[in-house]
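The values are calculated or read from the model by the stated rules, or taken from the named source; none is laboratory data. Given the structure is predicted, the values throughout are model-derived calculations rather than measurements. Methodologically, a virtual Cβ is constructed for each residue, glycine included, from the backbone with ideal geometry; neighbour enumeration extends over all protein chains shown. Heads up: the accessible areas ignore ligands, DNA and RNA and are worked out on the full protein's heavy atoms, side chains in. Shrake-Rupley method; radii C 1.70, N 1.55, O 1.52, S 1.80 Å.
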Amino acid sequence: MPVHSETFPGRLSQNQNEAPPRNIPRPRNSRYDLCMKSIIKHDASAPPRLRVLRRNGLARRYLFSALLIALIPLVVLAFMYDTQYVKALEKVTESRTNARLAGAENLLRTFLQERIYELEALADVPEVFDWLTTANAEEKPNAEVMAQLRQALDSPHLYGVVVKPSRYEAPLWYLTQTLLQQVELDELPLTPFANGEIIGPALPTDSRPGWFVLRLSPTGLNPAPEAWVGLVVRLASLTDQVKDLSLTGLQSPLIVTPQNVPITAVGNIPGQPSYSAKDINSNDFIEGWHIRLQWLGDPLLGPLESARFGLILLASGAALAVILLSRHLSKRLEKQVTPLIEGADRVAGGDFDTPLHTEGTAEIGYLAFALERMRLRLRRLVKSMVDVERRAILGQFSAGVAHEIRNPLATIKTTIQALSRKESDPKRQKLMESVDHEIDRVNDVVQLLLDYARPREAKASKVNIIDVVETVKILADAVAHRHGIELVQVEHESVYAWADSSQVRQIVMNLVMNAIQAMEGIGGRVTIRTKQQGLAVYVSVSDNGPGVSADHLIHLTEPFFTTKTNGTGLGLAICRQLAQANQGNLRFQSVSGEGLKVTLKLPLYLNNENQGSV
């Protein structure tokens, strides 16, 4: 229901005749604050401040943990790739290479051994043997010898045949003469092999191919043979035996001659021979001759390096993604947790009025709501403890003051009344009546103190609230009319509450008188409404006076808080005490400049014999 009220700023008191306004705000070092500080203890075991906790905070630890979990597998995988995989690949490659080299060496020796067999077959022919050992100088071979020599030339691996009879000064060459250009036989290296010797090779040039001589002496090679026969073997036929060692783009097989000159598998000298630490050299398959596998580069190296680079890039990207994600999550977590920590710190410092930040996701949100409920419960607990302590102290104080004042007042009142009966002077008679009236006023204040200090126990019974409101209206109508105020009771059917009728009437009367006093000198309207809702009965008293400010609204029921000119500040405190004694409460609603509405809530009469007493 809207409030229509005009109340003097800070208006709230209970007596009719009151003195200039006086604001009584709660002091900073009030008993309330001191009590809260006494309840919340701080000792040396308290945790460090927030800035210290952040160093080992959950968000930071989550970031490091996430980085470790994400990066350790990637680092281990990269390490295994760089070491185990590459080593295993090299080991497998080396094993295969060694096996292939051994096979190539056997092929080369077999090739040369086959030529030895051909040469032995030729030297064992009787005509050839006789001619080599008995022919005179300048004696030409006969037809039978020439036929045997031509038959030897049928091999595709031979360029020709060379023979030297024992009485010849120089050997006879049966081959294309261009093959002998720029070749001095005596300057070629001599290498023993099986039962013969290898002369050469004659290295290939731009004008002729390479070749070497495999010779055999029927009379033996040691000392230097006087008669011998030799085959001029194509160097390319020998080098062709290693062509299967070639790996395109990876390795190129070379045969290194006694001149330390590499020859390719097709029998040529490489244009720009290069050497690498990855070149593989075999053992000598014959003295001074060996195979070299020239490293050209690894065709797998490119993909492997790309895979390695991709793995490193993946690890870096994963690390960066984890860092960014963890930083985002840690900031989000810190943004949600920090207000809770600060709010809990405020609560620990005694601030129960500032709400906690309750926004958050999942567990953080549940934690925030739990902390907020804890704050509200602590605030109610502390306020109730403070209120109990205040009431106890004020009760003792009020009872003591009332006892000390009431006895002298009775004596003074009796004396004034006796003197007044014997006084004949009208002026003095009037003065004594005024004194007697003020004594009654002081006695009323003392009675209020006693009512607050030792409230009468409520005796609940069935109470017709409409009758109570009508009685109050009749009693207050004269006062309201005198101040130009309209007192209105909104019609309602009969409503029954379970309460003490005299205490309910005292509460309603006090609320109505407060409303009338709030509009003294300005006029207005006071409205009394009654309603039933659920298991409760509500009586509201509203005015259209100046209202009450929000700062004063929360202190209305505090003992001795008043802004009236000559109020005591006990009226609404006693009303709240009586309402609570009857299992009810008071609620205040006001907007400054728009009036005040006070609602009394009481339990509904249930027509039940077992309904508990108040």
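Structural remarks
- Residue match in the range 486-503 (condition: under 20 Å from PRO546 (Cα atoms), surrounded by 20 or more Cβ atoms within 10 Å (Cβ to Cβ) and either in contact (Cβ under 8 Å) with a residue 24 or more places away in the chain or in contact with a strand residue (DSSP E or B) (Cβ under 9 Å, 6 or more places away or on another chain) (or both)): yes
- Verdict on GLY534 being out of contact with any helix residue (DSSP H, G or I) (no Cβ under 6 Å at 6 or more places or on another chain) and at pLDDT below 85: no
- Filtering LYS601, LYS597 for residues that are open to solvent by 40 Å² or more (accessible area, probe 1.4 Å), at pLDDT 75 or above, within 24 Å of THR530 (Cα to Cα) and within 54 Å of the chain's Cα centre (by Cα) leaves a single hit, LYS601.
- Cβ pairs under 6 Å, 6+ apart, first in the range 301-312 and not assigned by the TED database to the domain that holds GLN251, second in a helix (DSSP H, G or I) and at pLDDT 75 or above: none
- Criterion: touching a residue at least 12 places away in the same chain (Cβ under 8 Å), open to solvent by 10 Å² or more (accessible area, probe 1.4 Å), in a loop (DSSP other than H, G, I, E, B) and in the same structural domain as ALA476 (by the TED database) - qualifying residue of GLN583, GLN506: GLN583
- The residues of the range 557-580 that are at pLDDT 80 or above and open to solvent by 30 Å² or more (accessible area, probe 1.4 Å), listed by number, are ARG576, GLN580.
- Between LEU254, LEU250, LEU216, the distinction of being buried (at least 23 other Cβ atoms within 10 Å of the Cβ), touching a Leu at 6+ places or on another chain (Cβ under 7 Å) and at negative phi belongs to LEU216 only.
- Restricting LEU175, LEU185, LEU112 to residues that are open to solvent by 30 Å² or more (accessible area, probe 1.4 Å), closer than 20 Å to ALA236 by Cα and more than 60 Å from the chain's Cα centre (by Cα) narrows the list to LEU185.
- Residue count for the range 540-556, restricted to those that are assigned to a loop (DSSP other than H, G, I, E, B) and surrounded by 20 or more Cβ atoms within 10 Å (Cβ to Cβ): 5.
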